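The values are calculated or read from the model by the stated rules, or taken from the named source; none is laboratory data. Bear in mind the structure is a predicted one, so any value in this text is a computation, not a measurement. Cβ atoms come from the backbone with ideal geometry, glycine included; neighbour counts cover every protein chain shown.
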Amino acid sequence: MKIALPSRGGMIDAHFGHCEYFTIVTVENDTITEETRLNPPQGCGCKSEIIPTMAQMGISVMLAGNMGQGAVNILGNHGIKVVRGCSGVPKDAVEKWLTGQLKDTGQSCEEHGSCH
């Protein structure tokens with residue numbers, strides 16, 4: 001399984017569409033086996049081609065700080081489950097999610113508009 005985390009400066013970014021890069025974590029048998037970095041295009045977010053690219057890479061989960069409902073919908077349409085309300089070090093968030101300690105807050109960011 002591959003998990004993506006919007007990141008900035010080694011921490012989970014508070015907003016998906018403004019992240020510096022994505023931390024991509026590969027998990028096998030509930031163990032992190034690899035961590036890589038995916039640099040998004042300028043003006044990232046759900047209006048770029050980053051979501052289809054992630055789906056092609058086999059990413060199935062997005063652990064994010066927050067994002068608009070449009071991005072949540074587009075990620076879902078590409079088979080990527082979204083968990084909002086994450087913060088801190090990406091590896092720590094993945095480990096918490098794997099043990100069931102992280103749940104989606106269900107809250108969407110409204111301040112930046114939404115994607116259609």
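So which residues in segment 1-14 are in contact with a Cys (Cβ under 6 Å, 6 or more places away or on another chain) and assigned to a loop (DSSP other than H, G, I, E, B)?
Result: Asp13, single match.
Give the number of residues within segment 38-71 that are at pLDDT 95 or above, in a loop (DSSP other than H, G, I, E, B) and under 23 Å from Gly88 (Cα atoms).
Residues that pass the stated criteria total 0.
Please enumerate the residues belonging to segment 84-104 that are in contact (Cβ under 8 Å) with a residue 60 or more places away in the chain and either closer than 19 Å to Ile59 by Cβ or hydrophobic (A, V, I, L, M, F, W, C) (or both). Full working, then the answer.
Within segment 84-104, the first condition is being in contact (Cβ under 8 Å) with a residue 60 or more places away in the chain, and the residues that meet it are 86-91, 93-95, 97-98.
Across segment 84-104, the qualifying residues are Cys86, Val89, Pro90, Lys91, Ala93, Val94, Glu95, Trp97, Leu98.
Starting from residues that are of a type in the set (S, T, N, Q) and exposed (fewer than 12 other Cβ atoms within 10 Å of the Cβ), keep the ones in segment 84-116 and report whichever is modelled with the lowest pLDDT.
Gln107
Could you look through segment 74-83, keep only residues that are on the phi < 0 side of the Ramachandran plot and touching a residue at least 12 places away in the same chain (Cβ under 8 Å), and pick out the one that is surrounded by the most Cβ atoms within 10 Å (Cβ to Cβ)?
Leu75
Scan segment 72-110 for residues that are in a helix (DSSP H, G or I) and under 26 Å from Glu28 (Cβ atoms) and jot them down.
Selection gives Leu75, Gly76, Pro90, Lys91, Asp92, Ala93, Val94, Glu95, Lys96, Trp97, Leu98.
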